[in-house]
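Let me begin by presenting the structure, written as C-alpha cells, before commenting on it.
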Amino acid sequence: MNDHSDHDLPDWGPLVLAHAHGRAWVALDALIRLDQRMARIVATATEPALAQIRMAWWREEVGKERPVNSRPPPDPLLADLQVAWAGHSSSLVGLIDGWEALLDDRPWAEEAREQFASGREGAFSGFARLASRQYAADAAGEHGRCWALADLSTMDADGSPHSIPALPRLPSELRSLAVIGGLSRRALKRGGRPLFGDRLSPFAALRLGIFGT
C-alpha cells in the first residue's frame with residue numbers, strides 16, 4: 001500500500017527547515033511531511049476502518065529495519081524516514097498513533113487529544129535525540145506538545161487548552177523546533193489561529209529563528 005501523492009510542506013515549513021542542517025534537515029523535513037500525510041488521511045477519512053489500515057501500513061513500514069544494501073522503498077517519504085530516522089523510528093510510530101486517535105468523531109475525547117499531543121511531543125523528543133541533543137529531549141517535547149495544542153484548537157472547538165504553556169529555551173541546534181513551538185504558542189494566544197494565521201506570522205518566525213524565543 002502506497003500513498004503516491006505527497007503534497008508540499010505547510011506554509012511555515014521552509015522557514016522552519018532553514019534552521020536545520022545535514023541529517024537533521026532530512027529528518028525534520030520527513031517528520032513534517034509524515035505529519036502532513038497523517039493529517040490528510042484523517043481529514044479525508046470517510047471510513048475510519050480504511051484509514052486505520054492505511055495508518056497501520058505506515059506504522060509497520062516506518063518501524064521496519066532495512067538491510068544495508070536493500071533497494072529503497074518506492075515512496076520517497078518512506079525512503080527518507082527509514083534513512084534519517086534509523087534507530088529512532090519509535091518516535092514516528094507514536095506520532096502515527098496520535099493521529100489515529102483523531103479518527104474518532106468530534107468533539108474528541110480528552111484521551112484522544114492527549115494521545116495526539118503525546119505523539120507530537122514524543123516525535124520532537126526523538127528528533128532531539130537524533131540530533132545528539134539528548135539533554136534537551138524533554139524540553140523539545142514541550143514544543144511538540146504546544147504544536148499539537150495549537151492544531152487541536154483550530155480543528156476542534158473543544159480542543160483549546162485552558163492555559164497556554166510556557167516554553168523552555170532550546171539549544172541552537174534545535175532552533176527549528178523552537179520556531180514551530182513559538183509559532184504555536186503565538187497562535188494559541190491569538191485565539192487558536194493557524195501558525196501562519198496573519199501577515200505578521202512570517203516575521204514572528206524569523207524572530208524565533210534568530211533569537212529562539
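No lab work stands behind these numbers, since they all come straight from the coordinates. These numbers were taken from a predicted model, which means no experiment stands behind them. In this analysis, Cβ positions are derived from the backbone assuming ideal geometry, glycine residues included, and neighbour counts consider all displayed protein chains.
Calculated translational diffusion coefficient of the range 1-84 (25 °C, 0.890 mPa s; Stokes-Einstein with Kirkwood radius over alpha-carbon pairs) equals 177 µm²/s. For the pair THR213 and GLU173, label points projected 7 Å from Cα toward Cβ lie 2.2 nm apart. Sorted fewest first by neighbouring Cβ atoms within 10 angstrom, VAL26, VAL68 come out as VAL68, VAL26. The stretch between ARG190 and ALA45 holds 49.3 nm of extra length on full extension. This uses 0.36 nm per residue minus the Cα-Cα distance. Modelled this way, with points 7 Å down the Cα-to-C-beta line, the labels at GLN134 and ARG71 are 3.8 nm from one another.
Counting every other Cβ atom within 10 Å of each residue's Cβ, SER91, SER118 order from fewest to most as SER118, SER91.
Take every pair of alpha-carbon atoms less than 8 Å apart whose residues are at least six positions apart; their mean separation over the length of the chain yields a relative contact order of 20 percent.
Taking every alpha-carbon pair within the range 149-209, the share separated by more than 16 Å comes to 42 percent. Set against the labelled values (1) 14.3; (2) 11.3; (3) 12.2, mean projected area of the Cα convex hull in nm² computed from this structure falls on (2). Taking label points 7 Å from Cα along the Cα-to-Cβ direction, TRP57 and ARG106 give a separation of 2.6 nm. With a cut-off of 11 Å between beta carbons, the residues surrounding GLY13 carry a summed charge of -3, where Lys and Arg count +1 and Asp and Glu -1. Note on the range 26-143: Cα-Cα pairs beyond 17 Å make up 56% of the total pair count. Stokes-Einstein diffusion for the range 111-213 at 10 °C, viscosity 1.306 mPa s, with a Kirkwood radius from C-alpha pairs, works out to 118 µm²/s.
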